[in-house]
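A.B. asks: One structure is given below, represented as structure tokens, and several questions about it will come after.
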Amino acid sequence: MSEEIQEFKLEPDQELRFEVESKTAKVYLSLRSGQAEVFGTEIVKGKLYEFIAGAKIAVFTWFGCTLEIRGQTDVIYVAKETPMVVYSNCHAALENMRMEAEKENIKGPTAMIVGPCDVGKSTLARILLNYSVREGRRPILVDLDVGQGSISVPGTIGALLIERPASIDEGFAQEAPLVFNYGHKSLDKNPALMNVLVTQLAASVKEKLEVNKRARASGVVINTCGWVKNEGYKMILNNSKVFEVDVVLVLDQERLYNELVRDMPDFVKVIFLQKSGGVVERSKNVRADSRNQRIREYFYGTPKNSLYPHSFEIKWSDLKVYRIGAPPLPDSCLPLGMKPKDHMTKLVLLTPNAGLLHHLLAVSFSEDEEEIIKTQVAGFVCVTNIDTERQTVTLLSPQPKPLPNNVLVLSDLQFMDSQ
Ligand SMILES: Nc1ncnc2c1ncn2[C@@H]1O[C@H](COP(=O)(O)OP(=O)(O)O)[C@@H](O)[C@H]1O
Ligand SMILES: [Mg+2]
């Protein structure tokens, strides 16, 4: 560990990797000379970038550079081996497909990134999107990772039009994302619901591509979660069909690659990519921390961009709070035409109860019971108090009262508001 200022001279194609682990530490990065980028976003010379606890960063240079690091890092080293040339070739191939698409005014490539946990899927998505937006493209990011996704809060899937490179310390700007509430942090909790949501999201993305010419030629990059076995594998196959995927980028796992080559239709290109030696495995705790951090940022913003959420009390009777998924009926009791798994996508109206404390609630755009599950959400509130006697709830909300809609859907995700 060190607090002092450190200087690093990098040769072309090298990468400086560092981790900020200690809870109180902050690390500052600046570029003294040359050219460098962080996950595809160019660093501005002389500007100070701040990284907080949990950050695992790689600063890559194509032509060589001198970097300055200030503050306490737990791990810091220069790597000579990186997969960046391969990732950049991947980008070049997608860019060729975009040029073809542009000429014919058709949809550009839809590329889906798959692989087990902690192989750099989210990072590759970011690199590819950054490179393409730097070429003047306007690609769409689809994030299907409900645990460690990059859109809205955990427990959701969504899409985001990428109009500028990700901010080095804060990721992509969250402007008008399309968000669907799934309500769990892992896919196995309710695959039936996930399939409904993925279909809706794909239709919304398709609509967006139809009306936006530039986005249409640019295509889509889909990030996924690390569940690649059994049901998870089936979901990968289903998702690629629903999103009409043209290219599947498989990170790290050859077995998964071979399975996909076998099972994907011929017109889908399946490509194997090595993971970067810099990708670090994250423990269960680290994952939970990063989910918590994302929710905190949703309400309170980031150090650079603070938000000031509102807190207000609402009468229970003024709200309709639903849970998705009814208790299963025995097969013999199923109403005619109902399939055994249909109960997983049924809405159940909830009565006030103390168990809702700290839970996130999705604010639906719809009031029609039939449509609620399939409708994107306006945003999230968090239950910070429940008064069962007075039948009121206190909500933490990014927006002041009133809520845009009184229909709320319960999420499994919780947040302890300690500010
Ligand atoms: N080349 C690299 N050097 C250092 N850290 C990296 C590198 N690539 C990715 N990381 C970090 O490793 C962690 C896991 O990467 P991520 O892309 O989130 O993996 P996945 O999405 O497959 O779970 C992230 O914290 C990311 O910032
Ligand atoms: Mg990821």
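The values are calculated or read from the model by the stated rules, or taken from the named source; none is laboratory data. Being a predicted model, the structure only gives us computed values, none of them experimental. A quick note on method: Cβ atoms are made from the backbone with ideal geometry, for glycine too, and the neighbour counts reach across all protein chains shown. Note: areas computed on protein heavy atoms with side chains; ligands, DNA, RNA excluded. Shrake-Rupley method; radii C 1.70, N 1.55, O 1.52, S 1.80 Å.
A.B. asks: Taking Tyr182 as the residue in question, decide whether it is of a type in the set (Phe, Trp, Tyr), at pLDDT 95 or above and open to solvent by 10 Å² or more (accessible area, probe 1.4 Å).
C.D. replies: When the stated conditions are applied, Tyr182 does not pass them.
A.B. asks: Please specify each residue of segment 279-311 satisfying the condition of being outside any helix (DSSP H, G or I) and crowded, with 17+ Cβ neighbours inside 10 Å.
C.D. replies: Answer for segment 279-311, where residues must be outside any helix (DSSP H, G or I) and crowded, with 17+ Cβ neighbours inside 10 Å: Val279, Pro309.
A.B. asks: Within segment 136-154, can one find any residue that is within 16 Å of ligand 2 (Cβ to nearest atom), among the hydroxyl-bearing types (Ser, Thr, Tyr), crowded, with 24+ Cβ neighbours inside 10 Å and assigned to a strand (DSSP E or B)?
C.D. replies: No.
A.B. asks: Suppose we filter segment 203-229 for residues that are within 17 Å of Ala125 (Cβ to Cβ) and away from ligand 2 (no atom under 16 Å from the Cβ); how many remain?
C.D. replies: Total satisfying the criteria: 5.
A.B. asks: Which ones in segment 46-55 are of a type in the set (A, V, I, L, M, F, W, C) and outside any loop (DSSP other than H, G, I, E, B)?
C.D. replies: Listed by number, the residues that qualify are Phe51, Ile52.
A.B. asks: Does Pro404 count as over 21 Å from Gln200 (Cα atoms) and touching a helix residue (DSSP H, G or I) at 6+ places or on another chain (Cβ under 7 Å)?
C.D. replies: no
A.B. asks: Considering only segment 107-124, I want to know if a residue exists there that is closer than 30 Å to Tyr233 by Cα, of a type in the set (D, E, K, R) and open to solvent by less than 10 Å² (accessible area, probe 1.4 Å).
C.D. replies: The answer is no; no qualifying residue exists.
A.B. asks: Still on this structure, please answer the following. Just to be sure I understand, how many residues within segment 1-45 are over 27 Å from the mean Cα position of the chain (by Cα) and in a loop (DSSP other than H, G, I, E, B)?
C.D. replies: The number of residues fulfilling the criteria is 9.
A.B. asks: Quick check on my filter: what residues within segment 61-71 are part of a loop (DSSP other than H, G, I, E, B) and either open to solvent by less than 20 Å² (accessible area, probe 1.4 Å) or more than 15 Å from ligand 1 (Cβ to nearest atom) (or both)?
C.D. replies: Phe63, Gly64, listed by residue number.
A.B. asks: Still on this model: Please pick out the residue among Pro402, Pro398 that is over 15 Å from Val321 (Cα atoms), of a type outside the set (Val, Ile, Thr) and open to solvent by less than 60 Å² (accessible area, probe 1.4 Å).
C.D. replies: The unique qualifying residue is Pro398.
A.B. asks: For segment 155-182: of the residues being within 16 Å of ligand 2 (Cβ to nearest atom) and aromatic (Phe, Trp, Tyr), which is nearest to Glu297 (Cα to Cα)?
C.D. replies: Phe172
A.B. asks: Please go through segment 346-383 and give me each residue that is over 27 Å from Gln174 (Cα atoms) and within 23 Å of the chain's Cα centre (by Cα), ordered by number.
C.D. replies: none
A.B. asks: Have a look at Ala101, Ala58 and point out the one that is open to solvent by less than 50 Å² (accessible area, probe 1.4 Å), assigned to a strand (DSSP E or B) and within 30 Å of Asp246 (Cα to Cα).
C.D. replies: Result of the check over Ala101, Ala58: Ala58.
A.B. asks: Please give the number of the condition Val245 fails out of (1) within 16 Å of ligand 2 (Cβ to nearest atom); (2) part of a loop (DSSP other than H, G, I, E, B); (3) open to solvent by less than 10 Å² (accessible area, probe 1.4 Å).
C.D. replies: (1)
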